[in-house]
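The values are calculated or read from the model by the stated rules, or taken from the named source; none is laboratory data. Predicted model, so just to flag it, every value in this text is computed and none were measured. Cβ atoms come from the backbone with ideal geometry, glycine included; neighbour counts cover every protein chain shown. Ligands, DNA and RNA are stripped out before the accessible areas are found, and what is left, the full protein with its side chains, is counted by its heavy atoms. Shrake-Rupley method; radii C 1.70, N 1.55, O 1.52, S 1.80 Å.
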Amino acid sequence: MDGNGRWAKQQGFLRTIGHENGTKSVRITVEACAKLGIEALTLYAFSTENWNRPKLEVQTLMKLLISSLKKEIKTLQENNIKLNCIGNIDKLPSSAQKQLLEVIEKTKTNSRMTLTLALSYGSREEIVQAVKAISDKVKNNIISTDDIDEVIINQHLYTQNLPDVDLLIRTSGETRISNFLLWQIAYAELYFTDVLWPDFREHHLYEAIADYQKRERRFGKISEQIKL
Ligand code: IPE
Ligand code: MG
């Protein structure tokens, strides 16, 4: 979800106004995905690198997270959506952690879609913690080095209960991954759009999905094998 700051600047507003307007796009996208029958939606809301932004902006983003969680619990319940989070959650202010855990707890039996918020998330950091956890298991003879495979690595990532990414959408015209789900996007289809996140609406999502549907996912095979 990129482009909040530029959206605000274009209209002569403070960056924080861009973030506020971005929350509307979040609600629209979450509801649209649930209606489409998408099983898992992961939103990159705040990266490990975003902590380096000006203090006031970080504070505003945290406040917005708390108020959105309070406000949107209703949307989640009405749409049978389960909330999940990935990232180094311990780094979030305690009030945000509390609110987050409360909504996760209240929505834990919802089953239509899993909405994952990536908060204080960095893929490299995720991989580092996985390597440490696996090393500890080897050291304590819980597993042997030979046991380490892709399944074991998956089980130690924050995304252990999520499927691999099928489609990754980045808004605002940037064509980077920026430390997002590096392991999990190995075979994802990437979609970049110039639309700034606060302008993102259902039809933009449908355009991305229609584009995805036209692609042939070969997973290393040849076209004829896929069509069998
Ligand atoms: C995305 O918008 C929101 C977050 C990263 C929290 P940006 O804040 O990155 O907006 P730009 O890139 O400055 O326009
Ligand atoms: Mg940005």
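Structural remarks
- Residue-count net charge about A208 - beta-carbon cut-off 13 Å; Lys, Arg +1, Asp, Glu -1: -2
- Against the empirical curve 2.2 N^0.38 Å, the C-alpha radius of gyration of the chain lands at a ratio of 1.08.
- Mean residue ellipticity, 222 nm, helices only, the chain: the sum of -39500 (n - 2.57) across DSSP H runs of n ≥ 4, divided by residue count and rounded to 500, is -15000 deg cm²/dmol.
- Size-normalised alpha-carbon gyration radius of the range 48-103, reference 2.2 N^0.38 Å: 1.20
- The loop-placed GluC sites (Glu not before Pro) in the range 173-224, going by DSSP, that have at most 14 neighbouring Cβ atoms within 10 Å of their Cβ come out as E174, E216.
- Counting charges near L56 (Lys, Arg +1; Asp, Glu -1) among other residues having Cβ under 13 Å from its Cβ returns a value of +3.
- In order through the range 218-225: 3J(HN,Hα) via Karplus (6.51 cos²θ - 1.76 cosθ + 1.60), integer Hz, x for Gly, Pro: 9, 6, x, 8, 9, 3, 4, 5
- Contact order relative to length of the range 1-88, as percent, for alpha carbon pairs under 8 angstrom and 6 or more apart: 27
- Overall form of the range 8-136 per C-alpha gyration tensor (a/c, 1.5; a/b vs b/c): oblate
- For the chain, the solvent-accessible area works out to 58 Å² per residue, with a probe of 1.4 Å and every protein chain left in place.
- Relative intensity, log₁₀ I(q)/I(0), of the range 178-228 from a Debye sum that treats every alpha carbon as a point, q = 0.19, 0.29 Å⁻¹: -0.84, -1.13
- Highest-MSF residue in the chain out of T23, T114, T75 [GNM, Cα springs under 10 Å]: T75
- Straightening the chain between I28 and D166 buys 47.7 nm, computed as 0.36 nm per residue apart minus the Cα-Cα spacing.
- Charge tally in the Cβ shell below 12 Å around I152, where Lys, Arg are +1 and Asp, Glu are -1, I152 excluded: -3
- Cα-based equivalent ellipsoid of the range 79-188: semi-axis lengths in Å, sorted from largest, via gyration tensor: 25, 20, 15
- Spacing of the modelled spin labels on K63 and Y187, each 7 Å from Cα toward Cβ, amounts to 4.6 nm.
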